[in-house]
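The values are calculated or read from the model by the stated rules, or taken from the named source; none is laboratory data. Keep in mind the model is a prediction, meaning the values are calculated, not measured. Here the Cβ positions follow ideal geometry from the backbone for every residue, glycine too, while neighbour counts run over all protein chains shown.
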């Protein structure tokens, strides 16, 4: 286990209970536990206005969306757009309203945010979720005028599995010749189904997301008999990253995903893609959800929101 814990987070970390060895053995309990964790942060937010929408999916399914606007937006004001993709191991993470991260992206980056409720594993394994997200991206771009969105300023953003799906959106949009993606904000992204990094091997503490649990995440998403994953499932497998939009990548020191995030940022840089990499030592995966009032959580959130706003409001 990586031993350094940020001093401000030490007491919170010490009090964390152990997670089940296989968190996906009871997916409904996993989903309920996440809702309970996030419940204190799910009150009304006067900064934003939320509207529901339902769009056709790629397989005859329907996709629920939430369209989030700044409450102080002027009538007829054209804003950037953000497709926000929630995390949760491709299996959980949906909430009754838009997450605090989606609301923050709307209010602080001053953008119209489309929060997509993609299909979840294991009921719907890859590629169901990623194709739902791409359908939502196309819907947003095709309907930009009606949404009050500038089609040349549409970004994708998400944390953990949402970071993976956001990276996949950038790849898919490039490979399928659209829609145009102006920016990708990859927060603690899950990018590689392989187990080759030092952080994946070293982070084994069951109180937090750890290397062994990530193996089960990928089994749940791709199936236990998975072969070589598609780059749209695991973007680290993409052979070429040239031509992708500018990126922000957030990593944490106690996160088993740390090294694959850093390596993806390095590969983007080598492909001449503008990248900002922000690393938080002594913090674990999604620590902000467990210590939302800590100064380090607030500073981390403010950092990626500022990068998102700067990118979409040049």
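Points to keep in mind about this one:
- Helices (runs of 4 or more DSSP H) fully within segment 131-206 counting 3 or more residues that are under 27 Å from residue 100 (Cα atoms): 144-147, 161-175
- Flag: residue 101 does not match the condition of being over 15 Å from residue 221 (Cα atoms) and more than 14 Å from the chain's Cα centre (by Cα).
- Matching residues, segment 87-98, being within 14 Å of residue 66 (Cβ to Cβ), in contact with a helix residue (DSSP H, G or I) (Cβ under 7 Å, 6 or more places away or on another chain) and either free of Cβ contacts under 8 Å to residues at least 60 places away in the same chain or crowded, with 24+ Cβ neighbours inside 10 Å (or both): 93
- Leading residue by the ranking (modelled with the lowest pLDDT) among those in segment 279-299 that are within 15 Å of the chain's Cα centre (by Cα) and under 25 Å from residue 312 (Cβ atoms): 289
- Look at (1) within 20 Å of residue 37 (Cβ to Cβ); (2) surrounded by fewer than 23 Cβ atoms within 10 Å (Cβ to Cβ); (3) out of contact with any strand residue (DSSP E or B) (no Cβ under 9 Å at 6 or more places or on another chain) and you find that residue 300 fails only one, number (3).
- Scanning segment 218-231 for residues that are part of a helix (DSSP H, G or I) and free of Cβ contacts under 8 Å to residues at least 60 places away in the same chain gives a single hit, 218.
- Within the option set 242, 215, being part of a loop (DSSP other than H, G, I, E, B), without any contact (Cβ under 8 Å) to a residue 60 or more places away in the chain and over 21 Å from residue 86 (Cβ atoms) holds for one residue only, 242.
- Count of residues meeting criterion [surrounded by fewer than 24 Cβ atoms within 10 Å (Cβ to Cβ) and in contact with a strand residue (DSSP E or B) (Cβ under 8 Å, 6 or more places away or on another chain)] in segment 216-255: 4
- The lone criterion from (1) surrounded by 11 or more Cβ atoms within 10 Å (Cβ to Cβ); (2) closer than 15 Å to residue 294 by Cα left unmet by residue 7 is number (1).
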